[in-house]
Each structure stands twice: as structure tokens, then as C-alpha cells.
Amino acid sequence: MAPASGTAASAGGGAGAAAGGSGAAGARVDAEAQPENASFYEQVGGHETFVKLARVFYEQVAADPEFRAMYPEEDLGPAEERLRMFLEQYWGGPKTYSEQRGHPRLRMRHAPYTVDFAARDTWLRHMRAAVDSLDLAPLLEETLWDYLERAAHSMVNSA
């Protein structure tokens, strides 16, 4: 789900610069309070927003026994942390994901798993609930959702 060029920090840099909204921690993310060159990561509320996004997504996964079976780890905590770190890096936050795990190589990392259209749609349904929980400004939400949708479609490796 990373950009092909590997320039995660610039992926969403200018998107939504004029949009305000609420961050995950409940603090208003006000475009006027943001520097003109604020990253998407900063615009949506930073770390706490991505913590909430990953947490709500994996709560959805845990409550779906059929989809949960796709995850080999008994504890979903490490998967939640990896998702959070990846998305933070992609949207201009800390580079912790690459520092700990190397290049994202999402298609390669997902290749051992059967990701068919049903799995993609289920992933998107759970991620939609997570995105909705953030209460972002419309432009920020649309930017985030557009990326997540495209990324999910690119992970399909089985008909």
C-alpha cells in the first residue's frame, strides 16, 4: 500500500490543506492552525489518529471470525502496530515502519495469503468503520479513503 517510489512522506503532503476536521483524540484539527506545508499526518491529528484507526480496524477484525482466520498471529496487537506504523509513515509521520521492518513491499508481504475479492471487500468494510470513527473533515476523509480503497484493490492476488 506504499507509493511505488517509496517516498511515503510526500504521499499526502498537500492533500486537504484547506480542510479542517476533528482528530482522533477529539481535538479540533483546524486548517488555519496548521502550517501551510503541514503533512497529511499532521492535518489529520498525527499519532493519535492513526492509533485509533488501527485499533478500530482490528476491533472489527477480531469480531469477524471468518475474516479473523486470515490472520496467523493469535495476538492481533503486532498486526495493529504494523498497520499504524505503516500508515503513519505513508502519510508523512515517523519512519518507524521502515526503520524496524525495511521497505513496506506490501504486495510481497501479502503474497503468502489468499486475498480474493471477498477478502478485499471485508477488509474495506472493516476499514470503512475505522475511518468513520475518526470524524475527519470531508476532504481529509476522502483523501484517506481513496488511498485505502486503491491499496485494497492492489492487494488482490486470487480470483
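The values are calculated or read from the model by the stated rules, or taken from the named source; none is laboratory data. These figures come from a predicted structure and were not determined experimentally. In this analysis, Cβ positions are derived from the backbone assuming ideal geometry, glycine residues included, and neighbour counts consider all displayed protein chains. These accessible areas exclude ligands, DNA and RNA; they are computed on the full protein's heavy atoms, side chains included. Shrake-Rupley method; radii C 1.70, N 1.55, O 1.52, S 1.80 Å.
Just a few scattered comments:
- Region 96-135 - residue that is open to solvent by 70 Å² or more (accessible area, probe 1.4 Å) and outside any helix (DSSP H, G or I) and, of those, nearest to Y41 (Cα to Cα): D135
- A159 among the hydrophobic types (A, V, I, L, M, F, W, C) and within 23 Å of G45 (Cα to Cα): no
- Residue satisfying all of: in region 60-86; in contact (Cβ under 8 Å) with a residue 60 or more places away in the chain and of a type outside the set (V, I, T); nearest to T114 (Cα to Cα) among these: D64
- Members of region 37-49 found to be assigned to a loop (DSSP other than H, G, I, E, B), open to solvent by less than 60 Å² (accessible area, probe 1.4 Å) and polar (S, T, N, Q), listed by number: S39
- Of all residues in region 50-89, those being surrounded by 16 or more Cβ atoms within 10 Å (Cβ to Cβ) and closer than 22 Å to R105 by Cα number 18.
- Residue within region 135-147 that is modelled with pLDDT of 95 or more and closer than 14 Å to L83 by Cβ present: yes
- Single residue of region 136-159 satisfying the filter (among the small types (G, A, S) and part of a loop (DSSP other than H, G, I, E, B)) that is nearest to the chain's Cα centre (by Cα): A137
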